[in-house]
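Undergrad: I have a structure I would like to understand better, so I am pasting it below and will then ask my questions one at a time.
Nothing in this text is a laboratory measurement; each read-out follows from the coordinates by a stated rule. All values reported here derive from a predicted model rather than from experimental measurement. When we count neighbours, we look across all protein chains shown, and the Cβ atoms used for this are built from the backbone with ideal geometry, even at glycine.
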Amino acid sequence: MSSDDVTKQVFAPSSDFTSGAHVDAAKYEKMYAASVNDPEAFWGEHGKRIDWMKPYSIVKNTSYAPGNVSIKWFEDGTLNVSANCVDRHLETRGDQTAIIFEPDEPTDEAQHITYRDLHGHVSRMANILKDLGVSKGDRVILYLPMIPEAAYAMLACARIGAIHSIVFAGFSPDALAARVDGCDAKLVITADFAPRGGRKTALKANADLALEHAETKAQVLMVRRTGDEVNWVDGRDHDYNELVKTASDDCPPEEMNAEDPLFILYTSGSTGQPKGVVHCSGGYLVWASMTQEITFDYHDGDIYWCTADVGWVTGHSYIVYGPLANGATTVMFEGTPTYPDASRFWQVCEKHKVNQFYTAPTALRALMGQGNEFVEKCDLSDLKVLGTVGEPINPEAWTWYHEVVGKGNCPIVDTWWQTETGGHMMTPLPGAHTAKPGAAMKPFFGVQPVVLEPTSGEEIHEYPTEGVLCMKDSWPGQMRTVWGDHERFEKTYFSDYKNYYFAGDGCRRDEDGDYWITGRVDDVINVSGHRMGTAEVESALVAHETVAEAAVVGYPHDIKGQGIYCYVTLMNGVEPTEELRKELRTWVRTEIGPIASPDLIQWSPGLPKTRSGKIMRRILRKIAENDYGALGDTSTLADPSVVDELIDNRMNKA
Ligand code: 6R9
């Protein structure tokens, strides 16, 4: 099937699914209208989905006014996030599993941690933090594997009002040092080693190096994961496994204001140093919990698995805070999709009878290339809803997910959101919307997307149309500021288009009014005056049977303004020939049109990716522009060596 045919297909939820869903089509329309017509009343009501120590009387107090951006929700309410994720479930579901921990090695036993267990673990960890001198408002860096202690540490910080900042365990010592200094951390919680995909990362050694480089004098709390020997700095380092033996499990949760920061998460922008995105306690938790329940149609008793890492926002909102606030059973997976082989995800789904499964398109494409037998040998009959996040999903991967993984029975929620938004912003709701492969479809409650003409900044009301995606008004999960730099917050998100939140993405609104994310605005190229999403060309390329992955960027072209430069990774065993190059060119021409015809195709056995799996287009653009002397920071790449290979074989040696 050509990608064009796939794009035009639509997938309605079955009537069985719809009748049992939290939200069907009629309810969505009604609730959405209520949420934007009277946000005060709507969120006044839905804010009550979490427990407050002191109820709020003010619901919304937000301004996008230039020079005066200020975002507050439920501002006079008080609560504790850890009490919401743990204590409030003790009476009703103390013996229910809160966290299923699936370790890297499939032969190691999984752990089932009940809400009652979780209460003990979190309280003990919180008391350890207090004994180390951490108190309300202090910053704590977490540099941990995907182990239950990561969740305990997050919730322990929340319990005592400390602000956590998680640094993905794949980041280098330098990146860690920058973040320790960036938020002036008092403590770094780490582990001896992080097992992942059969290999071990020396986290403690990395933390040691980072703290040598950092100006901030932080203490270290180390969790023993593998038990391997580590370097020890007396006076600075503390052994969690020793301290926990005598720590009390009585730690009353601190009363926090709704607007007290819950966490900082550093995220890269298009330029400059990573920004510390700040999320606060009240609005964030309402948003994370409501979206987790409704987007995935989570019901009591379901087993839910988000494959992200807690080092990313997806792990914050959809492994820990959202599901636990809802009293869900959430799977925490330490490993990778392809270890020991490409059936690991599906084996874990079978083993734990997973009902909702949430992953990234890049993982799906990698698995798709390995063949269907890895999926087909597993029993996936418990799956009800499938989700994707992180990048636009190409229709072929969508269809594979739908047919091969979901057996045609599971709605797919393609969730568009960002670190900055705290939780889902646009997604089809599984019981309400007819999905279109690759479309983010509809705004979540309270979200008011607008499409702006990029140059004039005028709102475009008609559709179909295309432009930059902005938000007209605030939602409870919105980030509040950049840590220590409110000016940068205003400049990054509120200055290009005044009185709007600018997401940095382009989007298309189709003839039905449904939204399609076309990728970062800086990924849009202009060929002979035609604007084109690089994702479109990529999607066409990967629709070809020989192509495993593709990344497309623009490069200066004498006649067209910009030419189309394609980096193509072929399927295992496919010969890269001149003939194939010609064939792919013709293929794209016929898939999209002559305008999309690739100018240059470089065979690329590897693409430069961040450790979260995002292709670093900035680097690919530079190489395509033959300007590889100014590649900028490549330290966050999963494998920096692929860059040299790409430079050596670059096509535009002009
Ligand atoms: C949650 C997360 C945010 C950027 C965002 C956009 C891209 C995320 C997407 C998607 C198309 C989706 N993105 N989800 N694009 N469809 N369903 O990924 O946060 O790491 O901050 O990235 O990712 O470009 O602006 P973050």
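Undergrad: Once the Cα atoms of segment 465-620 are picked out, what are the Rg and Dmax in Å?
TA: Cα radius of gyration and Dmax of segment 465-620 are 18.2, 55 Å respectively.
Undergrad: Here is a further query. Compute the Kirkwood hydrodynamic radius of segment 529-654, taking the inverse of the mean of 1/r over all pairs of distinct Cα atoms, and give it in Å to one decimal.
TA: 14.7
Undergrad: What is the antiparallel percent of DSSP beta bridges lying wholly in the chain, to the nearest 5?
TA: Close to 60 percent.
Undergrad: Per DSSP H run of at least 4 residues, take -39500 (n - 2.57); add these up for the chain, divide by its residues and hand me the 222 nm value, nearest 500 deg cm²/dmol. Mind showing how you got there, number by number?
TA: Numbers: 22 runs with 194 residues, N = 654.
Calculated mean residue ellipticity at 222 nm is -8500 deg cm²/dmol.
Undergrad: How much net charge surrounds I303 when only the other residues with a Cβ under 15 Å from the Cβ of I303 are counted, with Lys and Arg +1 and Asp and Glu -1? Walk me through the intermediate numbers first.
TA: Details: positive: R93, K351, K353, K384; negative: E102, E293, D297, D300, D302, E350, D379, D382.
Overall, the nearby charge balance is -4.
Undergrad: Kirkwood-based Rg over Rh for segment 116-191 (C-alpha set), two decimals?
TA: 0.96
Undergrad: What is the magnitude of the charge dipole of the chain about its Cα centre, with +1 placed on the Cβ of each Lys and Arg, -1 on the Cβ of each Asp and Glu, and no other charges, expressed in debye to the nearest 20?
TA: About 620 debye.
Undergrad: Between D76 and D131, with labels modelled 7 Å along Cα→Cβ, what's the label distance in nm to one decimal, could you check?
TA: If labels sit at D76 and D131, their model points lie 4.1 nm apart.
Undergrad: Can you grab the distance from the C-alpha centre of segment 585-654 to the C-alpha centre of segment 252-317, Å, no decimals?
TA: First find each Cα centre; the distance between them is then 32 Å.
Undergrad: Amide H neighbours of K609 under 5 Å, counting only residues 5+ apart in sequence or on other chains, H built in-plane at 1.01 Å?
TA: HN-HN under 5 Å from K609: M616, A638, D639.
Undergrad: What residue among N84, V180, G137 has its Cα farthest toward the positive end of the dipole of segment 45-201, where the charges are +1 on Lys, Arg and -1 on Asp, Glu, each on the Cβ?
TA: G137
Undergrad: A follow-up question, please. Estimate the FRET efficiency between S641 and K498 by the formula 1/(1 + (r/R0)^6), using the beta-carbon distance for r and 35 Å for R0, to the nearest 0.05.
TA: 0.20
Undergrad: Pulled fully out, how much extra length does the chain show between D510 and I58, if you take 0.36 nm times their separation in residues and subtract their Cα-Cα distance?
TA: Here the segment from D510 to I58 would lengthen by 159.0 nm.
Undergrad: What spacing in nm lies between the two simple spin-label points modelled at L243 and T107, each 7 Å away from Cα in the Cβ direction?
TA: 3.5
Undergrad: Still on this structure, please answer the following. Beyond 19 Å, how much of the Cα-Cα pair distribution for segment 37-194 remains, as a whole percent?
TA: 65
Undergrad: Between the helical axis of 25-37 and the dominant principal axis of the chain, each derived from Cα atoms, what acute angle in degrees is found, rounded to the nearest 10?
TA: The helix 25-37 is inclined about 70 degrees to the chain.
Undergrad: If you don't mind, another one. If you take every residue apart from G161 with its C-beta less than 11 Å away from the C-beta of G161, what net charge results, scoring Lys and Arg +1 and Asp and Glu -1?
TA: -1
Undergrad: Continuing with the same structure: Whose amide H sits under 5 Å from the amide H of G504, counting only residues 5 or more places off or on another chain, with H placed in the peptide plane?
TA: It is L469, by chain and number.
Undergrad: Residues with amide H under 5 Å of T388's amide H, sequence separation 5 or more or different chain, H placed in the peptide plane at 1.01 Å from N; which?
TA: Answer set, sorted by chain and number: T359, V413, D414, T415.
Undergrad: Using r as the Cβ-Cβ distance of K8 and T634, and R0 as 45 Å, what FRET efficiency do you calculate, to the nearest 0.05?
TA: 0.70
Undergrad: Now, a different point. Using the Kirkwood radius built from alpha carbon pairs, what does the Stokes-Einstein equation give as D for the chain at 4 °C and 1.567 mPa s, in µm² per second?
TA: Estimated via Stokes-Einstein, D reaches 51 µm²/s.
Undergrad: Using the Cα centre as the reference, give the magnitude of the dipole from point charges on the C-beta atoms of segment 7-83 (Lys, Arg: +1; Asp, Glu: -1; all else neutral), rounded to the nearest 20 debye.
TA: Values: 8 positive and 9 negative charges, 28 e Å.
Here segment 7-83 has a charge dipole of around 140 debye.
Undergrad: May I pose another question? Which entries of K384/K609; K351/K384; K27/K442; K353/K377; K275/K609 show an alpha-carbon separation above 21 angstrom in the structure shown?
TA: From K384/K609; K351/K384; K27/K442; K353/K377; K275/K609, over 21 Å: K384/K609.
Undergrad: Can I ask one more? Need one number: nm distance between label points at N409 and E45, each 7 Å from Cα along Cα→Cβ, rounded to one decimal.
TA: 3.4
Undergrad: Using Cα-Cα distances under 8 Å and only pairs 6 or more residues apart, what relative contact order does the chain have, in percent?
TA: Reported as a whole number, the value is 13 percent.
Undergrad: In degrees between 0 and 90, to the nearest 10, how far off the longest principal axis of the chain does helix 203-213 point, with axes built from Cα atoms?
TA: Approximately 90 degrees, to the nearest 10.
Undergrad: Report the full-extension gain for the segment K217 to R199: residue separation times 0.36 nm, less the Cα-Cα distance, to one decimal in nm. Mind dumping the intermediate values first?
TA: Values: separation 18, 0.36 × 18 = 6.48 nm, distance 3.02 nm.
Length gained, K217 through R199: 3.5 nm.
Undergrad: Relative to the first principal axis of the alpha-carbon coordinates of the chain, what is the inclination of helix 578-591, with its axis defined by its Cα atoms, in degrees from 0 to 90 and to the nearest 10?
TA: The helix 578-591 is inclined about 80 degrees to the chain.
Undergrad: Now for a different question. With θ set to phi - 60° and the Karplus curve 6.51 cos²θ - 1.76 cosθ + 1.60, what are the ³J(HN,Hα) couplings of segment 397-405 in order, to the nearest whole Hz, using x for Gly and Pro?
TA: Along segment 397-405, the couplings run 5, 4, 5, 4, 4, 5, 7, 7, 7 Hz.
Undergrad: Normalised radius of gyration for segment 371-485, please: alpha carbon Rg relative to 2.2 N^0.38 Å, two decimal places.
TA: 1.29
Undergrad: So what J values fall out for segment 108-121 if you push phi through Karplus, 6.51 cos²θ - 1.76 cosθ + 1.60 with θ = phi - 60°, rounded to Hz, Gly and Pro as x?
TA: 7, 6, 6, 10, 10, 9, 7, 4, 5, 4, 4, 4, x, 4
Undergrad: Something else: Quick one: go through segment 589-622 and flag any residue whose amide nitrogen is under 16 Å from the point 7 Å out along the Cα-to-Cβ line of E579.
TA: What the label zone holds, given the 16 Å backbone N cut-off, is no residue at all.
Undergrad: Dipole of the chain (Lys/Arg Cβ +1, Asp/Glu Cβ -1, origin at the Cα centre): which of G504, M154, S641 lies farthest to the positive side?
TA: Checked the options; the winner is G504.
Undergrad: Run the numbers on segment 139-289 and let me know its relative contact order in percent, using alpha-carbon pairs under 8 Å that are six or more apart. Mind dumping the intermediate values first?
TA: Details: 254 pairs, mean separation 33.9, N = 151.
Taking the mean separation of contacting Cα pairs over the length of segment 139-289, I get 22 percent.
Undergrad: Follow-up question, since we're still on this one. What list of ³J(HN,Hα) couplings, whole Hz, do you get for segment 495-512 from phi and the Karplus terms 6.51, -1.76, 1.60, once you set θ to phi - 60° and write x for glycine and proline?
TA: For segment 495-512, the Karplus-derived couplings read 10, 5, 10, 5, 6, 10, 8, 9, 7, x, 10, x, 7, 10, 10, 7, 5, 9 Hz, x marking Gly and Pro.
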